[in-house]
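Undergrad: The structure's right below; bear with me while I get my questions together.
The values are calculated or read from the model by the stated rules, or taken from the named source; none is laboratory data. Everything quoted here is computed from the prediction, not taken from an experiment. No Cβ is skipped: glycine too gets one built from the backbone with ideal geometry, and neighbour counts run over all protein chains shown. Heavy atoms of the whole protein, side chains included, go into the accessibility calculation; ligands, DNA and RNA do not. Shrake-Rupley method; radii C 1.70, N 1.55, O 1.52, S 1.80 Å.
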Amino acid sequence: LGAFLSVGHDVLISVPLGLTGAHTFSGQGASFTPFFTPRLVLDVEFFEDAVGDNDSDVDLDFAADLGLDLRLSGFRPVIRFAVSVGRDALGIGLVF
């Protein structure tokens with residue numbers, strides 16, 4: 001469960017709800033955790049239409065993340081690679 005807020009020309013509030021399935025494989029000096037996270041996403045968008053009136057749109061979508069966490073010995077943060085199917089997103093990050 002999470003929440004996301006984007007403010008610009010429009011305002012978008014997203015609330016994802018899902019479960020994560022993963023398994024950790026340990027090797028010498030590193031561990032790998034591939035994961036799969038299917039989720040439902042409720043998007044509420046507030047915007048100004050072509051006439052200048054305030055309007056809103058509500059969508060319920062399905063999305064899924066496919067990714068891999070890499071933990072190296074002696075390196076505290078986890079390196080995460082992930083791609084989101086259904087949301088057109090790619091992420092690379094550090095998890096502390």
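Undergrad: Taking segment 5-18 only, how many residues are surrounded by 11 or more Cβ atoms within 10 Å (Cβ to Cβ) and out of contact with any Leu (no Cβ under 9 Å at 6 or more places or on another chain)?
TA: 1
Undergrad: Any idea which residue in segment 37-55 is surrounded by the most Cβ atoms within 10 Å (Cβ to Cβ), counting only those that are of a type in the set (D, E, K, R) and touching a Leu at 6+ places or on another chain (Cβ under 8 Å)? Talk me through it step by step, then tell me what you get.
TA: The first filter runs over segment 37-55 and keeps only residues of a type in the set (D, E, K, R), leaving 39, 43, 45, 48-49, 53, 55.
Still in the running and touching a Leu at 6+ places or on another chain (Cβ under 8 Å): 39, 43, 45.
Details: Arg39: 20, Asp43: 17, Glu45: 15.
Looking at the filtered set, the residue picked out is Arg39.
Undergrad: Return the residue satisfying two criteria in turn: it lies in segment 56-75 and is without any contact (Cβ under 8 Å) to a residue 24 or more places away in the chain and either open to solvent by less than 70 Å² (accessible area, probe 1.4 Å) or small (Gly, Ala, Ser) (or both), and of such residues it is nearest to Arg87 (Cα to Cα).
TA: Here is the first cut: in segment 56-75, the residues without any contact (Cβ under 8 Å) to a residue 24 or more places away in the chain are 56-60, 74-75.
From what is left, the residues that are either open to solvent by less than 70 Å² (accessible area, probe 1.4 Å) or small (Gly, Ala, Ser) (or both) are 56-57, 59, 74.
On the way: Ser56: 20, Asp57: 17, Asp59: 13, Gly74: 34 Å.
Checked segment 56-75; the qualifying residue nearest to Arg87 (Cα to Cα) is Asp59.
Undergrad: Look through Val58, Val41, Val51 and report the one residue that is out of contact with any strand residue (DSSP E or B) (no Cβ under 6 Å at 6 or more places or on another chain) and hydrophobic (A, V, I, L, M, F, W, C). Lay out the reasoning, then the answer.
TA: Numbers: Val58 fails: out of contact with any strand residue (DSSP E or B) (no Cβ under 6 Å at 6 or more places or on another chain); Val41 fails: out of contact with any strand residue (DSSP E or B) (no Cβ under 6 Å at 6 or more places or on another chain).
Result of the check over Val58, Val41, Val51: Val51.
Undergrad: Please determine, by comparing only the residues of segment 19-36 that are surrounded by 10 or more Cβ atoms within 10 Å (Cβ to Cβ) and among the aromatic types (Phe, Trp, Tyr), which one is farthest from Arg71 (Cα to Cα).
TA: That would be Phe36.
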